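*Asks:* Quick one: this structure, given as structure tokens, is what I'll be asking you about.
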Amino acid sequence: MTVVHEDRTSIDGRHRRAQASREAIVEALVGLYAEGSADPSAAQIAQRAGVSERSLFRHFDDINDLCHTAFEVQWARLADRSTVSMPMATSTRERVETLVTRRVQLYLDMLNVMRITRMHAVRNTTVASHICSSRKELRRQHERLFNQELDAMSTEAAHAAKVAIEALLSFEHIEQLRLDQGLSPSRIEVILTSALLHVLRP
């Protein structure tokens, strides 16, 4: 019996094409989310990715599997963009202003994705878990960034300050300031900076 060995170059080429198609499908869904499409159909996703619906389901078990992967990509990007690290020698005001500017800009850049993520979290425990993990990491970041100010407080005051910082910088709070109160991004930054400085005052 003759054993035919498939050319390695052919196998590698197919693998790269398959990987490129998979990434295109994920990016298509991420793009649709970013444009505010909360529940796009398989046909819409496939068209955006430039593949057939059949191809879409060769790469993913179902739409939920694809949604999960898209959220994984978004949360990884969110984690990278939400990280703020500054030397402790930097003044409290500088650290507050930098953090506020980054968070407000992040909100503006990703508001549709954040809204849709919270919609999906109601029925998807994995997405809800990602939100919970993200919030925990942001809390740890606040503690590192304002460690010296928090250490100067009593235990009770430090706990209250941590809760207040998280609430003030939350997506939901920035959303409320922009939509319900009609504030501009620059005005939101001024208000959040003033509030955080008040929370962190000696």
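The values are calculated or read from the model by the stated rules, or taken from the named source; none is laboratory data. Just so it is clear, the model here is predicted, and its values are computed rather than measured. Positions of Cβ are backbone-derived with ideal geometry, glycine not excepted, and every protein chain shown enters the neighbour counts. Areas reflect the complete protein model, heavy atoms only, side chains present, ligands, DNA and RNA absent. Shrake-Rupley method; radii C 1.70, N 1.55, O 1.52, S 1.80 Å.
*Asks:* For segment 85-165, what does the alpha-carbon gyration tensor say about shape, rounded, prolate or oblate, given a ≥ b ≥ c as the root eigenvalues, a/c under 1.5 as rounded, and a/b over b/c as prolate?
*Replies:* In terms of gyration-tensor shape, oblate.
*Asks:* Next question. Using DSSP to define loop residues, name the chymotrypsin sites (Phe, Trp or Tyr not before Pro) in segment 32-88 whose beta-carbon has at most 11 other beta-carbon atoms within 10 Å.
*Replies:* none
*Asks:* Computed from the coordinates I sent, semi-axes √(5λ) of the Cα gyration tensor in Å equals one of [x] 43, 20, 14; [y] 29, 17, 17; [z] 44, 33, 11. Tell me the label.
*Replies:* [x]
*Asks:* Please identify every one of the trypsin sites (Lys or Arg not before Pro) in segment 35-142 that sits in a loop by DSSP and has no more than 12 other beta carbons within 10 Å of its own beta carbon.
*Replies:* Arg123
*Asks:* Rounded to the nearest 20 Debye, what is the dipole magnitude of segment 44-187 about its Cα centre when Lys and Arg each give +1 and Asp and Glu each give -1 at the C-beta?
*Replies:* 220 debye
*Asks:* Restricting to Cα pairs below 8 Å that are 6+ residues apart, what does the relative contact order work out to for the chain? Please round to a whole percent.
*Replies:* After rounding, I find 20 percent.
*Asks:* Next up: Just to be sure I understand the rule: take each whole DSSP H helix in the chain, project its Cα atoms onto its long axis, keep it if the span is 27 Å or more and its mean Kyte-Doolittle hydropathy is at least -0.5. Which ones pass?
*Replies:* 8-34, 63-82, 92-121
*Asks:* Sticking with this structure for a sec: Ignoring everything except DSSP H segments at least 4 long, calculate the 222 nm mean residue ellipticity for the chain; use -39,500 (n - 2.57) per segment, divide by total residues, nearest 500.
*Replies:* Result for the chain, helices only: -24500 deg cm²/dmol.
*Asks:* Right, something else. Let me check against my output: what whole-number percent is the relative contact order of segment 89-181, with C-alpha pairs under 8 Å and at least 6 apart?
*Replies:* RCO, segment 89-181: 28 percent.
*Asks:* Give me the distance between the Cα centres of segment 68-143 and segment 146-202, rounded to whole Å.
*Replies:* The distance from the Cα centre of segment 68-143 to that of segment 146-202 comes to 15 Å.
*Asks:* Can you work out the base-10 log of I(q)/I(0) for segment 21-70 at q = 0.15, 0.20, 0.23, 0.28 1/Å, using the Debye formula on its C-alpha atoms alone?
*Replies:* -0.29, -0.53, -0.71, -1.10
*Asks:* Here's another thing I want to ask about it. At 1.4 Å probe size, with every protein chain present, just tell me what the per residue accessible area of the chain comes to in Å².
*Replies:* 58 Å²
*Asks:* Select from Ala157, Ala42, Ala24 the residue whose mean-square fluctuation is largest in a Gaussian network model of the chain (Cα-Cα springs shorter than 10 Å).
*Replies:* Ranking Ala157, Ala42, Ala24 by mean-square fluctuation puts Ala157 first.
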